[in-house]
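See below for the structure under consideration.
Rule-based calculations on the coordinates, nothing more; no lab input. Please read all numbers here as calculations on a predicted model, not as lab measurements. We place every Cβ from the backbone using ideal geometry, glycine too, and count neighbours over all the protein chains shown.
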Amino acid sequence: MLQADPEAKVLIAAQAPGIRVHETGLPFNDPSGDRLRDWLGIDRDRFYDPKRFAIIPMGFCYPGTGKSGDLPPRSECAATWRAPLLNTLPNLQLTLVIGQYAHHYHLGKDRKKNLTETVKAWSSFLPDMLPLPHPSPRNNLWLKKNPWFEEEVIPVLKHRVKEIFEEETK
């Protein structure tokens, strides 16, 4: 459920795998992944190239279903494995911090009072980090209520990703 190579330049720090990802064993192999790849402006082949993108969720297994969707990632995953895994990625130039659990871990005291306010402060985290909402279809309402996200943040995200990988060809 994770992908990591020491050469990776972009880290996708997300929640935990959903049931479809859990069943296929391929991270973001679902509609969330389709939307995320669209936000990044890349295709599946580039996305699943571990020398470009590391994908390390906050939890490594499907946490089960609760009243309003999937349960939170199991906390022992991040506490046990996150720091050692991140230490194997010396070439990161951008960390995409996806969803509230990743915001809490990666942004700590710099995150704002809620996910929306944290994402609104996106420019203060660049060029190394970018907080994002989860690309899940469950967040369609959030995206509709916050059109500034796709108008302002997504073009910057696409540009930053393109900039990072243009350096490969120089």
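Suppose only helical runs count, i.e. DSSP H with n ≥ 4. What mean residue ellipticity at 222 nm does that imply for the chain under -39500 (n - 2.57) per run, divided by all residues and rounded to the nearest 500 deg cm²/dmol? Can you show the working numbers first?
On the way: 8 runs with 57 residues, N = 170.
Value at 222 nm, helices only, nearest 500: -8500 deg cm²/dmol.
Taking the Cα centre of segment 10-169 as origin, sum charge times position over the Cβ atoms of Lys and Arg (+1) and Asp and Glu (-1), and report the length of that vector in debye to the nearest 20. Could you put the intermediate results ahead of the total?
Details: 21 positive and 19 negative charges, 116 e Å.
For segment 10-169, the charge dipole is close to 560 debye.
At a 10 Å Cβ-Cβ cut-off, how would you order 12, 164, fewest neighbours first? Walk me through the numbers before you get to the answer.
Working: 12 25, 164 16.
So the ranking, lowest neighbour count to highest, is 164, 12.
Considering only DSSP beta bridges where both residues belong to the chain, give the percentage that are antiparallel (nearest 5). Walk me through the numbers before you get to the answer.
On the way: 3 of 14 bridges.
Around 20 percent antiparallel, to the nearest 5.
Within the set 51/144; 112/145; 51/113; 67/145, which residue pairs have Cα atoms separated by over 30 Å?
On the way: 51/144 34 Å; 112/145 18 Å; 51/113 35 Å; 67/145 23 Å.
In this structure, 51/144; 51/113 exceed 30 Å between Cα atoms.
Can you find, among 47, 153, 12, the residue sitting farthest towards the positive end of the charge dipole of the chain, where Lys and Arg contribute +1 and Asp and Glu -1 at Cβ? Farthest along the dipole direction, towards plus: 153. By the compact-protein rule of thumb, 2.2 N^0.38 Å, the alpha-carbon radius of gyration of segment 93-138 corresponds to a ratio of 1.03.
What's the exposure ranking of 156, 119, going from fewest to most Cβ atoms within 10 Å?
On the way: 156 13, 119 22.
Least to most surrounded, the residues fall as 156, 119.
Normalising the average separation of contacting C-alpha pairs (under 8 angstrom, six or more residues apart) by the number of residues puts the relative contact order of segment 10-169 at 28 percent.
For the chain, modelled as a GNM whose springs connect Cα atoms under 10 angstrom apart, the maximal fluctuation among 78, 14, 102 occurs at 78.
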